[in-house]
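To start, the structure under review is shown below, and the notes come after it.
The values are calculated or read from the model by the stated rules, or taken from the named source; none is laboratory data. Here the structure is a predicted model, which is why all the values come from computation and not from measurement. Counting neighbours? That spans all protein chains shown, and the Cβs are built from the backbone with ideal geometry, glycine included.
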């Protein structure tokens with residue numbers, strides 16, 4: 001599928017430019033970050049503080065900057081390493097999907 005282009009005229013110039021839109025990916029909704037952090041802390045309260053810290057920061061960074069799929073892979077890796085169990089991983093995925101949008 002080709003990238004979507006839009007032709008427009010720039011201000012003060014007679015030349016036209018093409019604007020290329022990047023594909024939208026599912027990322028964390030930055031308007032609801034505080035709600036996301038609160039819900040994530042409620043889920044991570046079941047873990048010891050040192051394990052929760054290993055999840056909280058990297059998960060937030062991946063979900064907000066890279067995308068939902070990368071955060072999902074990170075959770076799966078941590079589950080395979082034995083840092084978190086399957087039930088907590090599913091709860092975190094529910095919170096992630098609740099506060100994600102395409103941007």
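Quick notes
- Scoring residue 47 on the criteria (1) at pLDDT 95 or above; (2) crowded, with 17+ Cβ neighbours inside 10 Å; (3) farther than 17 Å from residue 32 by Cα; (4) more than 10 Å from the chain's Cα centre (by Cα) leaves a single failure, condition (1).
- Selection count, region 71-92, where residues are under 23 Å from residue 25 (Cβ atoms) and surrounded by fewer than 16 Cβ atoms within 10 Å (Cβ to Cβ): 4
- Among (1) modelled with pLDDT under 95; (2) surrounded by 11 or more Cβ atoms within 10 Å (Cβ to Cβ) - the single one residue 41 does not satisfy: (1)
- Scanning region 50-70 for residues that are without any contact (Cβ under 8 Å) to a residue 12 or more places away in the chain and buried (at least 18 other Cβ atoms within 10 Å of the Cβ) yields one hit, 52.
- Complete set of residues in region 50-103 that are over 15 Å from residue 39 (Cα atoms) and in contact with a strand residue (DSSP E or B) (Cβ under 6 Å, 6 or more places away or on another chain): 64, 67, 68, 102, 103
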